[in-house]
Amino acid sequence: MSPKVGVVTFPGSLDDRDALRAVRISGAEPIPLWHKDASLHGVDAVVLPGGFSYGDYLRAGAIARFSPVMTTIVEQARQGLPVLGICNGFQVLCEAHLLPGALARNSHLHFRNRDQRLRIEATNTSWTNGYSAGQEIVIPVKNGEGRYVADERTLDELEARGQIVARYLGSNPNGSLRDIAGISNEAGNVVGVMPHPEHAVEALTGPSTDGLVIFTSVLRKLVAA
Amino acid sequence: MPRVVVDVMLKPEIADPQGQAIANALPNLGFTGVSSVRQGKRFELEVESIDEAQLQKLADTLLANPVIETYSIRGQA
Amino acid sequence: MSASQAPGHLAPVLDTVSAATNSPDVEQPYRELGLADDEYARVRDILGRRPTQTELAMYSIMWSEHCSYKSSKVHLRQFGEKAPKTDVLLVGMGENAGVVDVGDGMAVTFKVESHNHPSYIEPYQGAATGVGGIVRDILTMGARPIAVMDPLRFGAADHPDTKRVVNGVVAGIGGYGNCLGLPNIGGEVVFDSSYQGNPLVNALCVGVMPADRIQLSAAKGVGNIVVLLGATTGRAGLGGVSVLASASFEEGAEDARPTVQVGDPFTEKLLIESCLELFEQGLVVGIQDLGGAGLTCATTETAAAGRSGMRVELSTVPLREASMEPHEILASESQERMLAIVTPENLPKVLAIADKWGVLATAIGEVTDGDRLVITWHGDPVVDVPPRSLADEGPVYHRPMARPADQDELNSQHAERLPRPRTGAELKRTLLTMIASPNLCDKSWITEQYDRYVLGNTVLAQPEDAGVIRLSEESYRGIALSTDGNGRYTKLDPYAGAQLALAEAYRNVAVTGARPIAVTNCLNFGSPEDPEVMWQFAQATTGLAEACQTLRTPVTGGNVSFYNQTGDTAIHPTPVIGVLGVFDDVRQRTPMGLRNNGDVLFVLGTNSEELSGSEWASIMHNHLGGRPPRVDLAREEALANVLIAGAQESLIAAAHDLSGGGLAQALVESCLRYNVGARVRFNEDAFLALFAESTARALVAIRPADVKQFTKMCERFGVRSTRIGTVDTSSKALEIAGQFSVSLDELRAAFEGTLPALFN
């Protein structure tokens, strides 16, 4: 039986169907999860998809973090459940303090959607173990509040512990500190990325299929476990 | 009903591109002598009964993100 | 007991139906509300009494130009009368949007609409609510909205006010569309001083649904419940769209600011999901969105379409401000609202689904026997009207028309007489100047502010010639969409200009390999009270209707925007045409960028000395005069046949339409897409080869092994193919033999620098 990967739909989630598709293409069984339902329905991993949960009206991810499903996710993530936050999902993970730092308004103040070059910096996480260290990939970035910020000490710690998962190459699309595109928690089971791997899983609709490795990585991790 | 105002600002060390954009526009509009602008949020709460500690918690958990923001509470509860 | 009789009641005196009957001679401010003397007389005639204050407001809105199409109706009829025979049209003009059958049991609905006037006054909210409005039109048909496009026209790029409008409009479109989760897959951006003070902000949405799930607006079934879904109703936007779009701007447009609505895309997203769930479960008898004229329009149109009566109790409508009066509630243009007709048995399920998505849902009335729309306020009738008199039987005008006095002089000033570049160096300078001009330069500063990826089915998006969307992950059936318009051509010849806009959109769809099947249009013109504008409008609609007949692509719906003028000066007449095409297998699409070394470049079609109305005349000489390029629809169709068959047989590696800026522009865009060079040689005059804008042409790249088969195919379809060069992936330059060579870096610097420099 293939592992089950859940994708949460919050009010205002937008890339939830795309994350479910990516899970399916990777070979796992996609399970839709609903924000009001605290049960994770036995999934082996969770994706928090992109979008504008609750319209991003207070701060991106700030309200979604208090939904019933998040209470369970926070609890289980601390016990090792693989959790991936993409874009708005990354913002939710930071608001929930599963990841350090925060995502602030892009330095140029515009929403920006482009095909972005990245370098994978950490391959020991649940979601990036299928990449080779230093591998360069291209996946779409699209956000208005994607500038990763944290204090200097936190940034230094992230660097020292190998928690910086991916960095922007070429021009930094949002002013992120130290060109950070994605980070993990210390254990490596919780990962947040600003760019959208679920939009690079098919040659027909994406700039590449580089994003698929994110989803096959967790599968590999789950099968090995 | 008493009103409580919570002001939320980005911490000084966090870059504020919105405030910066406003500051940059001022000289073009003929306003000189302003060296810096920072933009924040203001929340107006109509409260029935809430104590100071709860207000603090409310601001700290939801209205502001203490990782990047500070807040101040005015008015009486 | 009515409020007016209640002793000590503090509410203002209510003008009820009985009050109106008992006080026939009260003076009414109908002129201030925009009704003419004879129109007011007709209202009294229809009702057999004077209208109540609320009824008067309803007639004035529904009979406005924006809602009634009173000046355009007689011309728009041609789209029906001259419609080509087709079996793909499931719903034609008259509903919220047309619906076409695309095969595999799927139906597609699409429409383009204007939000011009609000977008000048408050660019962000005007553009944002324009997206919201067109998306609800598509949702209303029962479809899931799957993509948007935005044809935009602004004043001169270097005018001091243009930056404000561009930044606001683009942020508004992105802010709303991105938050709604709809990919933005194309559109246009044009700068011309004729749009100064009258930007054109058109918005297109496309949606898909099972062909057997089309929803209509008719309120049928006596006893069925009228449910208002979505946002609360407030004073914001009172009389906004209809008032703004039905008169010219005069001085002091700032005063109109309160009438612009504020959009809430988060609520719209929830409204979409809840409505789709209602449709899926078959819980809706009829549905209508609330756009311009709000509840007035929705109640009268659903009742009129159902040939039913309806009773609505206004005090049940959830309000933002308790003090709102009946006529304000009925006229409010608060966004993100829908009106659904549901059976009493299904009402609890409908309310439960709305609650699941956090959407407000309120039963506000019911469908009744007979043919009266009765609206009560705390039980007292304030409206008692035949709904069709508002929705379908508004005034119809045959406005006077006159060929513009300066038309002959304009047509006599041919651009073919202007001085041309003579040397290779001059040609190169011309090329670099042109590709850096605001109209021909790279638009990614704008399109990067839009999400093109969400929903995961975007196959092609800007800067490609058409947006392409996969409809099915099983069959790979797909669609292509393009919008085009050329105000300069249309100014020179409105009949030909409308046809050229259609031809370009049709060609852009065919270039990707899709077969064009249907048309939508947004007709942006000046004041219909100006006979010269009315002449332009009549010419353009006739030209479009006849070209649609020839190309066998029916008009499925659209929108007219009049009064785009400042003082006496109208915008260039600007029909914007959207064409929908279908792919049996979207994997066969042809992209525009050159990629493979050694691919052979051909120009398909025939070039001639056609420079009037061209980008070259405009950019290099600031000139507009002469006659636009010749329309040849037979050649357009033959070219499309080659492009479609070539895509299906995988013979075309890349293809790009030739239009504004001519072959030069197409070469630059095709090279820069993937940073690949090309070597080109002309046997004809290099200047004309590069910059003339003859129609029915495309640039294609063919793998050497396929050249023979491809050229044979061109012969078979009667399309001329001229070999002009080859793709060179190593040279990193565009070389025009005997004239000049220019590096891709130099091209890119010129092409990409303009918009960031203007608008950052």
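The values are calculated or read from the model by the stated rules, or taken from the named source; none is laboratory data. The shown structure was predicted, so the numbers you read here are calculated from the model rather than taken from an experiment. A quick note on method: Cβ atoms are made from the backbone with ideal geometry, for glycine too, and the neighbour counts reach across all protein chains shown. Only protein heavy atoms, including side chains, enter the accessible area calculation; ligands, DNA and RNA are left aside. Shrake-Rupley method; radii C 1.70, N 1.55, O 1.52, S 1.80 Å.
Relative to the longest principal Cα axis of chain C, at what angle does helix C:37-47 sit, 0 to 90 degrees, rounded to 10?
Taking Cα atoms only, the helix is inclined about 50 degrees.
Going 7 Å from the Cα of C:ASP158 toward and past its Cβ, which residues in segment C:401-430 have a backbone nitrogen under 20 Å from where you end up?
Only C:429-430 pass the distance filter.
To the nearest 0.05, how large is the calculated FRET efficiency for C:ARG703 and C:LEU410 if R₀ is 56 Å and r is the Cβ-Cβ distance?
FRET efficiency, C:ARG703 to C:LEU410: 0.75.
Taking the full set of protein chains and a 1.4 angstrom probe, give the accessible area of A:TRP34 in square angstrom, rounded to the nearest 10.
60 Å²
What number comes out for the charge environment of C:GLY94, summing +1 per Lys or Arg and -1 per Asp or Glu over other residues with Cβ under 11 Å away?
-3
Out of segment C:456-495, which GluC sites (Glu not before Pro) are coil in DSSP terms and have no more than 13 other C-beta atoms within 10 Å?
Passing both the DSSP loop test and the Cβ count: C:GLU474.
Return a whole-number percent for the relative contact order of chain A, with Cα pairs under 8 Å and 6 or more residues apart as the contact set.
21 percent
What are the residues whose amide H is under 5 Å from the amide H of C:ILE517, where those residues sit 5 or more places off or on another chain and H is modelled from the backbone?
Residues meeting the criterion, in which the H sits 1.01 Å from N, are C:LEU580, C:GLY581, C:VAL582.
Show me, for segment C:338-352, the HN-Hα J-couplings you get by feeding each phi into the Karplus relation (A = 6.51, B = -1.76, C = 1.60, θ = phi - 60°), rounded to Hz, glycine and proline as x.
Result, rounded to whole Hz: 9, 10, 10, 9, 9, 6, x, 5, 7, 3, x, 5, 4, 5, 5.
How large is the accessible surface of C:GLU95 in square angstrom, using a 1.4 angstrom probe and rounding to the nearest 10?
60 Å²
For the protein assembly as shown, give the magnitude of the charge dipole about the Cα centre (Cβ charges: +1 Lys/Arg, -1 Asp/Glu; no others), in debye to the nearest 20.
Dipole of the protein assembly as shown, to the nearest 20 debye: 2400 debye.
Cα centroids of segment C:687-754 and segment B:1-38: how far apart, whole angstrom?
With segment C:687-754 and segment B:1-38 each reduced to a Cα centre, they are spaced 52 Å.
By how many degrees, between 0 and 90 and to the nearest 10, does the Cα long axis of helix C:162-180 differ from the longest principal axis of chain C?
Approximately 70 degrees, to the nearest ten.
Looking at C:VAL374, C:PRO400, C:GLY105, which one has the Cα that reaches farthest to the positive end of the dipole of chain C (charges on Cβ: Lys, Arg +1; Asp, Glu -1)?
Among C:VAL374, C:PRO400, C:GLY105, the one farthest towards the positive end of the dipole of chain C is C:GLY105.
Suppose all protein chains stay in the model; what accessible area per residue would a 1.4 Å probe give for the protein assembly as shown, in Å²?
Per-residue accessible area for the protein assembly as shown comes out at 36 Å².
For B:LEU29, project a label point 7 Å along Cα to C-beta. Then give me every residue of segment A:80-124 with its amide nitrogen under 14 Å of that point.
none
With Kirkwood's inverse mean 1/r over C-alpha pairs for Rh, give me the Rg to Rh ratio of segment A:27-97, two decimals please.
0.94
What's the FRET efficiency of C:SER650 with A:ARG24 using the Cβ-Cβ distance as r and R₀ = 30 Å, to the nearest 0.05?
0.60
Set the bar at 32 Å for Cα to Cα. Now go through A:LYS36/A:LYS142; A:LYS142/B:LYS11; A:LYS36/C:LYS443; C:LYS82/C:LYS269; C:LYS70/C:LYS269 and name every pair that lies beyond it.
Pairs exceeding the cut-off: A:LYS36/C:LYS443; C:LYS82/C:LYS269; C:LYS70/C:LYS269.
Mind checking segment C:47-152 for trypsin sites (Lys or Arg not before Pro) that DSSP puts in a loop (not H, G, I, E or B) and that have at most 11 other Cβ atoms within 10 Å?
Within segment C:47-152, the qualifying trypsin sites (Lys or Arg not before Pro) (loop, at most 11 other Cβ atoms within 10 Å) are C:LYS85.
Could you work out the relative contact order of segment B:3-76, using alpha carbon pairs under 8 angstrom and six or more residues apart, expressed as a whole percent?
That works out to 55 percent.
List the relative contact order of segment C:286-335 as a percent without decimals, with contacts defined as Cα pairs under 8 Å and 6+ residues apart.
Result for segment C:286-335 is 55 percent.
Placing unit charges on C-beta atoms (Lys and Arg positive, Asp and Glu negative, everything else neutral), compute the dipole magnitude of chain C about its Cα centre in debye, rounded to 20.
The calculation lands at about 2040 debye.
With runs of 4+ DSSP H residues as the only contributors, calculate the mean residue ellipticity of the protein assembly as shown at 222 nm using -39,500 (n - 2.57) per run, divided by the residue total and rounded to the nearest 500.
-9500 deg cm²/dmol
How much of the accessible area of the protein assembly as shown, probe 1.4 Å, is carbon plus sulfur, in whole percent?
Solvent-exposed carbon and sulfur of the protein assembly as shown make up 49 percent of the total.
Quick check: pseudo-label points 7 Å beyond the Cα along Cα→Cβ at C:ASP38 and C:ALA749, how many nm apart are they?
So the label points at C:ASP38 and C:ALA749 sit 6.6 nm apart.
For segment A:138-164, list residues with backbone N below 20 Å from a point placed 7 Å from the Cα of A:ARG178 toward its Cβ?
Residues A:146-164 qualify, since their backbone N sits under 20 Å from the label point.
In nm, to one decimal, how far is the A:GLN135 label point from the C:ALA425 one, both placed 7 Å along Cα→Cβ?
The two pseudo-label positions are separated by 5.3 nm.
Can you pull out the chymotrypsin sites (Phe, Trp or Tyr not before Pro) in segment C:406-513 that DSSP calls coil and that have at most 15 other Cβ atoms within 10 Å?
none
Which distance in nm do the two modelled labels at C:SER323 and A:HIS41 give, with both placed 7 Å along the Cα-to-Cβ direction?
Here the modelled spin labels are 5.0 nm apart.
Ordering C:PHE682, C:PHE710 by accessible area with a probe of 1.4 Å, largest first, what comes out?
C:PHE682, C:PHE710
Between B:LEU58, B:GLN20, B:THR70, whose Cα lies farthest towards the positive end of the dipole of segment B:3-76 when Lys and Arg beta carbons carry +1 and Asp and Glu beta carbons carry -1, centred on the Cα centre?
The listed residue farthest towards the positive side: B:GLN20.
Round to the nearest 0.05 the FRET efficiency obtained for C:VAL222 and C:ASP355 when R0 = 25 Å and r is the Cβ-Cβ distance.
Calculated transfer efficiency: 0.40.
Shielding by partners for C:442-454, please: the mean number of other protein chain Cβ atoms within 10 Å of each residue's Cβ.
Mean partner-chain Cβ count within 10 Å for C:442-454: 5.
Can you tell me the orientation of helix C:265-280 relative to chain C, as the angle in degrees between its alpha-carbon axis and the longest Cα principal axis, to the nearest 10?
80 degrees
If I take all pairs of Cα atoms in chain C, what percentage of them are more than 41 Å from each other?
31 percent
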